[in-house]
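The values are calculated or read from the model by the stated rules, or taken from the named source; none is laboratory data. From a predicted model like this one, the values you see are computed outputs, not experimental measurements. Because the Cβ atoms are built from the backbone with ideal geometry, glycine has one as well, and the counts that use them run over all protein chains shown. Quick note on the areas: whole protein, heavy atoms, side chains included, nothing else; ligands and nucleic acids left out. Shrake-Rupley method; radii C 1.70, N 1.55, O 1.52, S 1.80 Å.
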Amino acid sequence: MNEYSVLISGAGIAGPALAHWLHRQGIRSTIVEQAPDLRLGGQAVDLRGLGEVVAQRMGIMPRVRERIVHEKGLRYIDRTGRELATMPADLFVGDGSPVTEIEIMKGDLTEILHDLVEEHTEIIFGDRITALSDGVDGVAVTFLSGLTRTFDLVVGADGIHSGVRSLAFGPESQFVVHLGAYLGYCTVWDAGPLDSWFDMYNEPGRMLALRPERGGTAKAMLAFADTGVDVDRRDVASQKRLLHEVFAGMGWRSEELLAAADADDDFHLDTVSQVHMEGWSCGRVALLGDAGYCGSPLTGMGTSLALVGAYVLAGELGRAQGDHAAAFSRYEKVMRPYVAASHTLPPGGVNGFLPKGRFMLRMRVLSARMMHHWPMRQLVARLLDKSDAIALPEYG
Ligand SMILES: Cc1cc2nc3c(=O)[nH]c(=O)nc-3n(C[C@H](O)[C@H](O)[C@H](O)COP(=O)(O)OP(=O)(O)OC[C@H]3O[C@@H](n4cnc5c(N)ncnc54)[C@H](O)[C@@H]3O)c2cc1C
């Protein structure tokens, strides 16, 4: 180990992945996570393209495969639950797939990554950074607990509402771009037989979905187009009341899913947003994963971006031998085209996800049916493919 010390804020996906790759470069790191323990909840996430390649290089694929969520693909249904069209997971391969074969619960992946690093990484739970002072010899960090320490570098891997980004780069309103929709999700403990399909039911501007999980539970997703109503990110009770207004009487399993949202202490609702920044570093502070370049859940690329970003950032820090400015600049140069490609939304963007009218809803069902056929399948796969956006460097 060399004398370099890196403080990573956030023990989600990007944080522990960075700690792993830094360790492989002989660089010591400390992770600070604001939650009192590992956050094992969350939705199913896909591992695709280059993300899967990095996961293979980390040696975690056997454990990932043990915990895979077996999902047949996406199925559009109507208000009675009748199938309208399907997009099977094996219809596409690689980054071009709207649904992939490697689905894993985010909590499972978080745990696998944590297990990988806990032996060699100091992990502080239940604390967070409250002040950063970037100096010639390092960054002086103050924590909520009152602790103060100095690190050579600080990396914000603390998600879309990054605290490090606010402290070092400015308020989140400068960087977080609201795409015009809200997405809430909660666990349904007894969803009955789902036949391994990710079921999705839309009415104009609204969507209800139910996605099977490992272990028999399911994740409900409730999404709606922005109606101009102010949603307070921290006021969960008012969010749940709003869901009742938006989804009451919608049909299918709406009453059951609303009841599940009411009962879930881990219920989460947020805007569907992207993070756009001109640079991901400022002095000795850098951003990684959703904190620097969240592409929104619509792209399905967040996990892969976090893993690939961690691999590249650590690799460049190792290669630069202490010249962090050179490393940060190379990190940006390598990652920028991949991030740009990954920010591209699926056809129609938010309107494709939440069509505003019945005609558009019918068109979406038709195009899903057409995707089973060549050349439509090839065309869509090419449009969505991000795997060749960058050549993954070898860092030794
Ligand atoms: C509904 C939904 C569906 C999704 N589906 C997919 C998908 O299918 N495929 C895909 O690839 N991605 C998907 N994503 C995105 C994916 O979950 C994220 O892109 C990915 O988790 C990003 O990893 P991260 O480590 O950058 O951030 P996170 O996983 O958000 O981790 C950030 C961590 O930082 C902690 N933290 C936050 N603030 C602070 C602070 N101030 N101090 C210390 N710690 C802090 C948090 O508690 C958390 O543990 C989805 C996201 C959502 C919301």
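When we screen 211, 241, 233, 284 for residues that are within 13 Å of the ligand (Cβ to nearest atom), farther than 30 Å from residue 88 by Cβ and open to solvent by 10 Å² or more (accessible area, probe 1.4 Å), the only hit is 233.
Filtering segment 15-29 to residues that are charged (D, E, K, R) and part of a helix (DSSP H, G or I) leaves only 24.
Going by what's in this entry, would residue 29 be described as near the ligand (Cβ under 8 Å from one of its atoms) and polar (S, T, N, Q)? Even if it seems obvious, please write down each step before you answer.
Values: near the ligand (Cβ under 8 Å from one of its atoms): no; polar (S, T, N, Q): yes.
When the stated conditions are applied, residue 29 does not pass them.
Taken over segment 37-58, the criterion of being among the β-branched types (Val, Ile, Thr) and more than 15 Å from residue 112 (Cβ to Cβ) is satisfied by 53 alone. Pull out all pairs, ordered by first then second residue, where Cβ-Cβ is under 6 Å, the residues are six or more apart or on different chains, the first lies in segment 122-134 and is within 16 Å of residue 37 (Cα to Cα), and the second is open to solvent by less than 50 Å² (accessible area, probe 1.4 Å) and aliphatic (A, V, I, L, M). From residues that are within 16 Å of residue 37 (Cα to Cα), the pairs are 123/31; 124/32; 127/32.
Any idea which of 273, 254 is of a type in the set (S, T, N, Q) and away from the ligand (no atom under 16 Å from the Cβ)? Selected residue: 254, the only one of 273, 254 that is of a type in the set (S, T, N, Q) and away from the ligand (no atom under 16 Å from the Cβ). Selection of segment 170-189 for residues being open to solvent by 40 Å² or more (accessible area, probe 1.4 Å) and in contact with a strand residue (DSSP E or B) (Cβ under 9 Å, 6 or more places away or on another chain) yields 172, 177, 178, 179, 185, 189. Please state which one of 224, 198, 151 is within 30 Å of residue 327 (Cβ to Cβ) and aromatic (Phe, Trp, Tyr). Result: 151 is the single residue among 224, 198, 151 that is within 30 Å of residue 327 (Cβ to Cβ) and aromatic (Phe, Trp, Tyr).
From the list 279, 322, 295, the one residue that fits, being on the phi > 0 side of the Ramachandran plot and part of a loop (DSSP other than H, G, I, E, B), is 322. Restricting attention to segment 289-301, the residues that are within 6 Å of the ligand (Cβ to nearest atom) and modelled with pLDDT under 95 add up to 3.
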